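Q: Got a structure here, written out as structure tokens. Questions coming.
The values are calculated or read from the model by the stated rules, or taken from the named source; none is laboratory data. Here the structure is a predicted model, which means the values were calculated and not measured. All Cβ positions, glycine included, derive from the backbone under ideal geometry; neighbour counts span all protein chains shown. Each accessible area value is taken on the protein alone, full model and side chains, heavy atoms only, with ligands, DNA and RNA left out. Shrake-Rupley method; radii C 1.70, N 1.55, O 1.52, S 1.80 Å.
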2 protein chains.
Amino acid sequence: MIRITFLGTAAARPTVARNVSALTLQREGDLWLLDCGEGTQRQMMRYGTGFALRGILITHLHGDHVLGLTGLLRTLALQARTEPLPVYGPPGSTAVLEAMIHLGGRLSAFPVPVTEVEPGGRIRCDAEGYDIEAFQVRHGVSAVGYVLREHDRPGRFDVDRARELGIPEGPLFGRLHRGESIEVNGRTIHPDEIVGPARPGRSVAFSGDTRPSPSTVAAAQGAELLVHDATFCAEEADRARQTFHATAAEAARIAVQAGARRLVLTHVSARYSANATPLEREASVVFPGATVAHDGMVVEIGYPEDPPEGDPGPADARPEAGSEALDTSHHASPDS
Amino acid sequence: MIRITFLGTAAARPTVARNVSALTLQREGDLWLLDCGEGTQRQMMRYGTGFALRGILITHLHGDHVLGLTGLLRTLALQARTEPLPVYGPPGSTAVLEAMIHLGGRLSAFPVPVTEVEPGGRIRCDAEGYDIEAFQVRHGVSAVGYVLREHDRPGRFDVDRARELGIPEGPLFGRLHRGESIEVNGRTIHPDEIVGPARPGRSVAFSGDTRPSPSTVAAAQGAELLVHDATFCAEEADRARQTFHATAAEAARIAVQAGARRLVLTHVSARYSANATPLEREASVVFPGATVAHDGMVVEIGYPEDPPEGDPGPADARPEAGSEALDTSHHASPDS
């Protein structure tokens, strides 16, 4: 399961309806915070994301993306956190991030290592089967977007076929699924007899604040979800250019070029705070189904082969149906 | 009119129900912000205080009292403020306050002079007829409380008597009211023939975070309102001592000793966030009518001789009734 919870969807300054930028990105047991505008800790309480963060990803150092960092860390210290909490930022961000982390007195309850991530650089989470990669964006200051990319998953495991071949259930299933050949009753069985082709991992991309950029297209290529800056409507295209933001239609064109499956717009200018329909309408002309995020909005990303939400679907509606296929990377591994 | 709007009433960290410390103190046209915890700017929007601040008063540098400063100032800059906005803090606070003001890049849209106020020091607002005085509190760090003290007001002006004496309405009324003698039809009229005795100005006192302290008793002497730290109930008296806070009953005893007319408790521990009745109950045993603040609560302070709220009252229910007394300092001046 990948779940995005939008904590703040306003541009530059909060409104009564929208707080400034932050969202949580949860994948299985890992919880990431992406940006941390002022008031983010309270939004986390309000929307129930929990505080068990694995790390914090900062796109750039504008106040509306980082000013909540100090307070959040102080609250985690009051909660008796002792585990390190890594903070990642764009090139050149270390000094300011460290100033914010230790503002008003050195934070000593737990380590908060700061790491700058160059565009193309990766935060490796190999044990969990994904990376988070930074990509260059265009915001007039040092700024990156982030894309979470799952590693490819092993192909589906054909339990029926394995039984036919007389493979006993247990560790041998796991070895085959991991790509090893095994020997059963004197016969060598190769993984491709039982296991389908590897299935590509999912990816979700976050542009942060940016002008439309080919690097975003590249990073979001085939993404299940692209979350993109859409501060303005087309009538303010000049202002979007001057302030290094995107219009809703520009964001939508990026999503189309990337072939993203879903587009959510965020970083909404105060003038659309209460009614974001104009943004949604402009984007939907280019990318049907584009939606504008609101504070508290949750987006869950299933596997592409999962039935659509609310429709458990007959077994034969799924790809590779008719076999008792085990999706061992999604559920428990057969040898666990 | 003096109006206090509580913007954040939580201790240390926010909860869903309560944000961290801040309140606005409005007297006639002057709006002051007292403390500025993270998220204060959004609370100001939510509760409609406006942003036309005359100054910001900081009691001490704990994060829950100051971390909203940077974001608030950035938003004022986006609002195109150019007027200086003075920030006052306790002794030794300049460096940290300036770090917060200019965090992430020098704030240049408007000047933000920082002034340390020694206990006993005053911010003089002579033209508006009041001062704000800092007083020493006991919080384990450099910390002050603040008391707004109106200057004494001129006595009531007896319009009937003035007419009897043949004084024409107009500038002469004002001169008498300001304490000058005048001449009418060859007769010298002294102010005390028309104007009652000077009436003491009102005062409202804010303890900030503190243990019970005689300096608070002195500062809040006869105050219309005391707003006091009441982080804990009596069962956590030890914790209150260790963390340099007050219990509800301790706060109530301070109010009794000061002879304050009204007591509002704030800085509520998370455990009482959703239900502050235990705090209110403990305080009310000592100081009947004590109330616990909540976010968005507004307290308006009338003049002592004003009829109680919701009761316009017959004229003879007021002190000095029976005369057409003009309260020229409260309403328009007769010569304006």
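Q: If you check A:E164 against the conditions, is it at pLDDT 90 or above and not assigned by TED's automatic domain parsing to the domain that holds A:V20?
A: Working: at pLDDT 90 or above: yes; not assigned by TED's automatic domain parsing to the domain that holds A:V20: yes.
So A:E164 passes the test.
Q: Does any residue of the stretch A:84-97 turn out to be open to solvent by less than 10 Å² (accessible area, probe 1.4 Å) and away from every other protein chain (no Cβ under 14 Å)? So that I can check it myself, show each step before the final result.
A: Pass one, the stretch A:84-97, residues open to solvent by less than 10 Å² (accessible area, probe 1.4 Å): A:85, A:87, A:89-90, A:93, A:97.
Applying the additional criterion that residues be away from every other protein chain (no Cβ under 14 Å) yields A:85, A:87.
Yes - at least one qualifying residue is present in the stretch A:84-97.
Q: Looking at the stretch B:249-260 only, could you name the residues that are charged (D, E, K, R) and open to solvent by less than 50 Å² (accessible area, probe 1.4 Å)?
A: B:E250
Q: Another question, then. Testing A:R175 on (1) in a loop (DSSP other than H, G, I, E, B); (2) open to solvent by 70 Å² or more (accessible area, probe 1.4 Å), one condition comes back false. Which one is that?
A: Condition not satisfied by A:R175: (1).
Q: Of A:T49, A:T15, A:T24, A:T40, which residue is within 14 Å of another protein chain (Cβ to nearest Cβ) and open to solvent by less than 10 Å² (accessible area, probe 1.4 Å)?
A: A:T40
Q: Just give me the residues in the stretch B:125-153 being more than 15 Å from B:A223 (Cα to Cα) and either among the basic types (K, R) or not assigned by TED's automatic domain parsing to the domain that holds B:A220 (or both), in sequence order. Don't jump to the end; show me each part of the working.
A: Of the residues in the stretch B:125-153, the ones more than 15 Å from B:A223 (Cα to Cα) are B:125-129, B:136-144, B:153.
If the condition is that a residue be more than 15 Å from B:A223 (Cα to Cα) and either among the basic types (K, R) or not assigned by TED's automatic domain parsing to the domain that holds B:A220 (or both), then B:R138, B:R153 are the ones that fit.
Q: How many residues are open to solvent by 10 Å² or more (accessible area, probe 1.4 Å), modelled with pLDDT of 95 or more, part of a loop (DSSP other than H, G, I, E, B) and not polar (S, T, N, Q) when one looks only at the stretch B:261-275?
A: Within the stretch B:261-275, residues that are open to solvent by 10 Å² or more (accessible area, probe 1.4 Å), modelled with pLDDT of 95 or more, part of a loop (DSSP other than H, G, I, E, B) and not polar (S, T, N, Q) number 2.
Q: Return the residue satisfying two criteria in turn: it lies in the stretch A:69-123 and is free of Cβ contacts under 8 Å to residues at least 12 places away in the same chain and among the aliphatic types (A, V, I, L, M), and of such residues it is farthest from B:R106 (Cα to Cα).
A: The selected residue is A:L78.
Q: Within the stretch B:139-149, is even one residue of a type in the set (F, W, Y), more than 10 Å from chain A (Cβ to nearest Cβ), open to solvent by less than 60 Å² (accessible area, probe 1.4 Å) and in contact with a Phe, Trp or Tyr (Cβ under 7 Å, 6 or more places away or on another chain)?
A: Yes, some residue in the stretch B:139-149 is of a type in the set (F, W, Y), more than 10 Å from chain A (Cβ to nearest Cβ), open to solvent by less than 60 Å² (accessible area, probe 1.4 Å) and in contact with a Phe, Trp or Tyr (Cβ under 7 Å, 6 or more places away or on another chain).
Q: Counting only residues that are over 16 Å from the mean Cα position of the chain (by Cα) and not polar (S, T, N, Q), how many does the stretch A:3-35 have?
A: Residues in the stretch A:3-35 being over 16 Å from the mean Cα position of the chain (by Cα) and not polar (S, T, N, Q): 9 in total.
Q: Further, regarding this structure: Residues of the stretch B:45-61 being among the small types (G, A, S) and within 24 Å of A:N19 (Cα to Cα), which ones?
A: Within the stretch B:45-61, B:G48, B:G50, B:A52 qualify.
Q: For the stretch B:276-294, give me the residue count where each residue is assigned to a loop (DSSP other than H, G, I, E, B) and surrounded by 21 or more Cβ atoms within 10 Å (Cβ to Cβ). Outline the logic, then answer.
A: Filtering the stretch B:276-294 for residues assigned to a loop (DSSP other than H, G, I, E, B) gives B:276, B:287-290, B:293-294.
Add one more test, that the residue is surrounded by 21 or more Cβ atoms within 10 Å (Cβ to Cβ), and what stays is B:276, B:287, B:290, B:293.
Residues flagged as assigned to a loop (DSSP other than H, G, I, E, B) and surrounded by 21 or more Cβ atoms within 10 Å (Cβ to Cβ) within the stretch B:276-294 amount to 4.
Q: Checking the structure you have, find out if any residue of the stretch A:60-69 is open to solvent by 10 Å² or more (accessible area, probe 1.4 Å), out of contact with any helix residue (DSSP H, G or I) (no Cβ under 6 Å at 6 or more places or on another chain) and not in a loop (DSSP other than H, G, I, E, B). Working first, answer last.
A: Initial filter on the stretch A:60-69 (open to solvent by 10 Å² or more (accessible area, probe 1.4 Å)): A:61-64, A:67.
Filter once more, so that each one left must be out of contact with any helix residue (DSSP H, G or I) (no Cβ under 6 Å at 6 or more places or on another chain): A:62, A:64.
Narrowing the set further to residues that are not in a loop (DSSP other than H, G, I, E, B) leaves A:64.
Within the stretch A:60-69, one or more residues are open to solvent by 10 Å² or more (accessible area, probe 1.4 Å), out of contact with any helix residue (DSSP H, G or I) (no Cβ under 6 Å at 6 or more places or on another chain) and not in a loop (DSSP other than H, G, I, E, B).
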